[in-house]
1. Given Cα pairs under 8 Å that are at least 6 residues apart, what percent is the relative contact order of the chain?
2. Sketch the reach of a paramagnetic label on SER71 as a point 7 Å from Cα along Cα-to-Cβ, and name the residues of segment 16-42 whose backbone nitrogen lies under 15 Å away.
3. Just round it to a whole percent: the fraction of Cα-Cα distances in segment 1-60 exceeding 19 Å.
4. Which lysines have a Cα lying under 23 Å from the Cα of LYS77, excluding residues fewer than 8 positions away in the same chain?
5. Would you list which aspartates and glutamates come within 15 Å of LYS84, measuring only between C-alpha atoms, while excluding same-chain residues fewer than 8 positions from it?
6. Under the Kirkwood approximation applied to all pairs of distinct alpha-carbon atoms, what is the hydrodynamic radius of segment 53-118 in Å?
7. When 1/r is averaged over all different Cα pairs and the result inverted, which Kirkwood radius in Å belongs to the chain?
8. What translational diffusion coefficient, to the nearest whole µm²/s, does segment 26-72 have by Stokes-Einstein, given a Kirkwood radius computed over alpha-carbon pairs, a temperature of 20 °C and 1.002 mPa s viscosity?
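Here, each number is a calculation from the coordinates, and none is a lab measurement. What you see is a predicted model; the values in this text were computed from it and never measured. Note that each Cβ is placed from the backbone with ideal geometry, even for glycine, and that neighbours are counted across all protein chains shown.
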Amino acid sequence: QVQLVESGGGLVQPGGSLRLSCAASGFTFSSYTMNWYRQAPGKEREFVAGISSTPGSTNDADTMKGRFTISRDNAKKTVYLQMKSLKPEDPAVYYCRARWGLIKREYWGQGTQVTVSS
């Protein structure tokens, strides 16, 4: 079965760091662009970062540039989000997404909660 399982969420102090992981299975991971999104209560889902199958082909939201870094390990079929200098506005459920645009197919993980104490 197709699975995207996020992990690494939890409670962190403002200014702290956290590394999220998303382990994929059940599909050709290397063919898909991987993305991180987040959604806070009462807000729309927001794009965080993305990475293509080509090393170095990354992009991220302007508000997170310099703080969040996306990476992937195709051998492990895992995408990561390194989060630094966490701010009060960062708490949300973080989701990973796999997308293959040519066939208009995408998969979503179940999400992992990130909480930033104040």
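1. Numbers: 281 pairs, mean separation 42.1, N = 118.
Relative CO of the chain lands at 36 percent.
2. 18-22
3. Here the long-distance tail beyond 19 Å is 45 percent of all Cα pairs in segment 1-60.
4. Straight-distance partners of LYS77: LYS104.
5. LYS84 reaches ASP60, ASP62.
6. On the way: mean 1/r = 0.0729 Å⁻¹.
About 13.7 Å for segment 53-118.
7. This gives a value of 14.2 Å.
8. Working: Rh = 11.7 Å.
For the chosen part, D equals 183 µm²/s.
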